[in-house]
Amino acid sequence: MVELAAGHILIDGVDHRGLGLPQLRRALSIIQQEPVLFKGSLRYNLAPVDDEAELTSDAACWDALRRSGLEAKARQLGGLEAGVAEAGGNLSAGERQLLCMARALLRRASILVMDEATASVDHATDARIQQMVKTDLKGTCTVLTVAHRLNTVVFYDQVLLLDRGAVLEHGPPLELLGREHGAFRKLAEESGDLAALAEAAREAAGAE
């Protein structure tokens, strides 16, 4: 989204700055805290890029809406050709973010970046998005999530804990929670949810 000030981002050993923007954008999906939606139809918001839209069937669109929990809403609005207002003004905050998730499911990009994607949504939407990451996206793409809620990342494969741009800890969540004086464990203790977080991390680790 912005040029690097320093350093490199390597994807499968390839410096991303050596790739053309069209190629890079096809390989990445980004979901931000503020949903990016366009004035147009539901179909257009699911597949706004021409070459993707041509390859997207009605069945695939409805499947993405179903998996994101928006099928009923889409039918209520009038189907795939129903209008979406500027910036998704005729949808709730949670529905707007779920529509962005449906778009990511449909695109099947190799890498999904979620930047505080659940920070401004209700708990039900947060839970739905987490479930999609656990089930619909698992094994299909690499998910990189920026988050402040511990329950958002405790089931991920790896956690990178930062403080003022410096790395404090890095490793599997269950391992970090087991470090008696670790920074991640301290955050979990301060949240009052250490036991629940540890159980969620154990369940995720057991499902690998």
- Go through 82-90, 32-40, 5-13 and give me the packing order, highest mean Cβ count within 10 Å leading. 32-40, 82-90, 5-13
- Message: Sequence gap of 8 or more, or different chains, plus Cα separation below 27 Å: how many lysine pairs satisfy both in the chain?
- Response: 4
- Task: With runs of 4+ DSSP H residues as the only contributors, calculate the mean residue ellipticity of the chain at 222 nm using -39,500 (n - 2.57) per run, divided by the residue total and rounded to the nearest 500.
- Result: -12500 deg cm²/dmol
- Message: For a Förster distance of 22 Å, can you work out the FRET efficiency between the beta-carbons of residue 4 and residue 111, rounded to the nearest 0.05?
- Response: 0.85
- Task: Give me the compactness ratio for segment 78-133, meaning the Cα radius of gyration over 2.2 N^0.38 Å.
- Result: 1.18
- Note on the structure: Kirkwood radius from Cα pairs of segment 35-121 plugged into Stokes-Einstein at 25 °C, 0.890 mPa s, gives D in µm²/s equal to 190 µm²/s
- Query: Which trypsin sites (Lys or Arg not before Pro) in segment 116-208 pass both tests, a DSSP loop state and at most 12 other beta-carbon atoms within 10 Å?
  - Reply: 164
- Remind me, what semi-axes does the chain give for its equivalent ellipsoid, largest first in whole Å, using sqrt of 5 times each Cα gyration tensor eigenvalue? 32, 22, 15
- Computed over segment 107-174, protein heavy atoms only, probe 1.4 angstrom, the accessible area per residue in square angstrom equals 57 Å²
- Query: In percent, what relative contact order does the chain have, based on Cα pairs under 8 Å that are 6 or more apart in sequence?
  - Reply: 18 percent
- For residue 194 and residue 12, what does the FRET efficiency come to when R0 = 35 Å and r is the distance between their Cβ atoms, rounded to the nearest 0.05? 0.45
- Calculate how steeply helix 58-67 sits against the longest principal axis of the alpha-carbon atoms of the chain, using the helix alpha-carbon long axis, and give the answer as 0 to 90 degrees to the nearest 10. 30 degrees
- Long-range HN-HN contacts of residue 143 with modeled amide H, under 5 Å: 112
- Message: Considering only protein heavy atoms and a probe of 1.4 Å, how much of the accessible area of the chain is carbon and sulfur, as a whole percent?
- Response: 53 percent
- Query: What distance in nm separates the simple spin-label points at residue 205 and residue 161, each placed 7 Å from Cα in the Cβ direction?
  - Reply: 1.5 nm
- What whole number of Å gives the distance from the Cα centroid of segment 93-124 to the Cα centroid of segment 27-44? 9 Å
- For the residue 27, residue 180 Cβ pair and Förster radius 41 Å, calculated FRET efficiency rounded to 0.05 is 0.50
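The values are calculated or read from the model by the stated rules, or taken from the named source; none is laboratory data. Keep in mind that this is a model prediction, so the values were computed, not measured. Using ideal geometry, Cβ is built from the backbone for each residue, glycine included, and neighbour counts are taken over all protein chains shown. With ligands, DNA and RNA removed, areas are computed over all heavy atoms of the protein, side chains included. Shrake-Rupley method; radii C 1.70, N 1.55, O 1.52, S 1.80 Å.
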